[in-house]
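Please treat every number below as a calculation from the coordinates, not as lab data. Source: prediction; values computed, not measured. Every residue, glycine as well, gets a Cβ built from its backbone with ideal geometry; the counts of neighbours run over all protein chains shown.
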Amino acid sequence: MNSVFKSALAGGLALAGMAGGVQTQAYPVKPLRMVTQFTAGSGGDALIRVLAAPLSENLGQSVVIENRAGAGGIVAAEVVARAAPDGYVFLAATPNIPVVRVAAESPMSFDPTKDLVPLTAVASTPSIFIINPAVPVNTWRELMDYARKFPNKLSYGTSGVGSAHHLAAEQIRMLTGIQMVHVPYKAGQQALLDVVTGQIPTSWVILGEAVPLAKAGKIKVLVTREEKRASAFPDVPAIGEIIPQFEPLPGWTGLFTPANVPQPIFRRLSADTMKSLQSAEIRARITQIGFEVSGNTPEQFAAEIKREIALTARIAKAAGIKLSD
């Protein structure tokens, strides 16, 4: 899998303007399509719309958002994988297709490692572990002590079997030995609401959706899943501060192009995207809606994805999780 991924990256980054008829000097001469797996009005949709405005300005052409939700991101990814490699179509996606389904070796009508090339991780989606205020713990260490004393008494919600939240919980179980019951949801937002109402005691959720509820005292936040503390909760520790061996799992929204986009066009897209994400105003707006700005290079993003594929496959195998479920 790794050698295939390296080949895809090399093809995307090293191919010079060899596509017949592509006018790299004049690019872009028409609007661009950003195809996304997000439904209109969702958090991911809000994020890419924040990015689309400065990106349009930097490119000198409109960036039109095309929502193609469905099949966990496959619908949108396939549109871009099959698109002409002329730099006018690119993908905004989560790790589900380029990481989780690749790690699971799930059959698809296209190969994400060959047909899509990483451009940049736009932003990460910080995740937090929340509990209902009625649960008699106030810190993550207290939660671990409680779970050891009462194994499988506590349940936790996630956004589904094989999700980053589920894999994080399984990694914690393997590292600490604590036993909790997994309750998978089709949507993480429902798990959040069920913690608020007391239907389940705890859950992993996306930070942005939980901030108002935490500030209103309807939930308690014990830990963040990322390498560093979240700016919205500076007093809440990152999981690595308590469990140093914990390896963060993917939680980003990233951009991808079809394979074989000519290098001058690919580099133009990369440079203008990075420029857009360096704007102080744009960074503030992204943070305001609950994301942490990334903005890495294509090489850095590809290396990150490679690491995440290996980590996801390793955790899933060790925990006995079927990622295709």
Between their Cα atoms, which of Lys30/Lys306; Lys186/Lys220; Lys149/Lys306; Lys218/Lys322; Lys186/Lys306 are more than 29 Å away from each other? Lys30/Lys306; Lys149/Lys306; Lys218/Lys322
Using 0.36 nm per residue, how much length does the chain from Glu57 to Thr39 gain when fully extended, once their Cα-Cα distance is taken away? 4.1 nm
Burial-style ranking of 248-256, 227-235, average other-beta-carbon count within 10 Å with highest first, yields 248-256, 227-235
Contour excess over end-to-end distance, with Cα ends at Ser231 and Asn138 and 0.36 nm allotted per residue: 31.5 nm
How big is the Kirkwood radius of the chain, worked out from every pair of different alpha carbons and given in Å to one decimal? 20.4 Å
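Take the alpha carbon gyration tensor of segment 127-242, find the square roots of its eigenvalues, order them as a ≥ b ≥ c, and report rounded if a/c is under 1.5; if not, report prolate when a/b exceeds b/c, else oblate.
Rounded, because the longest to shortest axis ratio a/c is under 1.5.
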How large, in Å, is segment 80-190 by the Kirkwood hydrodynamic radius built from its alpha-carbon pairs? 16.9 Å
Separation of alpha-carbon centers, segment 263-306 and segment 125-194, rounded to whole Å: 31 Å
Residue span Ile243 to Ala310: 0.36 nm per residue of separation minus Cα-Cα distance leaves a gain in nm of 22.1 nm
Which helices, counted as full DSSP H runs in the chain, have an axial Cα extent of no less than 27 Å and a Kyte-Doolittle average of -1.0 or above? 298-319
Taking segment 127-242 and dividing mean pair separation by its residue count, relative contact order in percent (alpha carbons under 8 Å, at least six apart): 36 percent
Calculate the tail of P(r) for segment 178-235: the fraction of all Cα-Cα distances greater than 15 Å, expressed in %. 50 percent
What FRET efficiency, computed as 1/(1 + (r/R0)^6) with R0 = 35 Å and r the Cβ-Cβ distance, is obtained for Ala216 and Ile65, rounded to the nearest 0.05? 0.65
Highest mean first, how do 111-119, 210-218 rank when packing is the count of other Cβ atoms within 10 Å averaged over residues? 111-119, 210-218
Beyond 11 Å, the calculated P(r) of segment 271-313 holds a percent of Cα-Cα pairs equal to 69 percent
Take Ala280 and Met174, extend 7 Å from each Cα along the Cα→Cβ direction, and tell me the distance between the two endpoints in nm. 4.4 nm
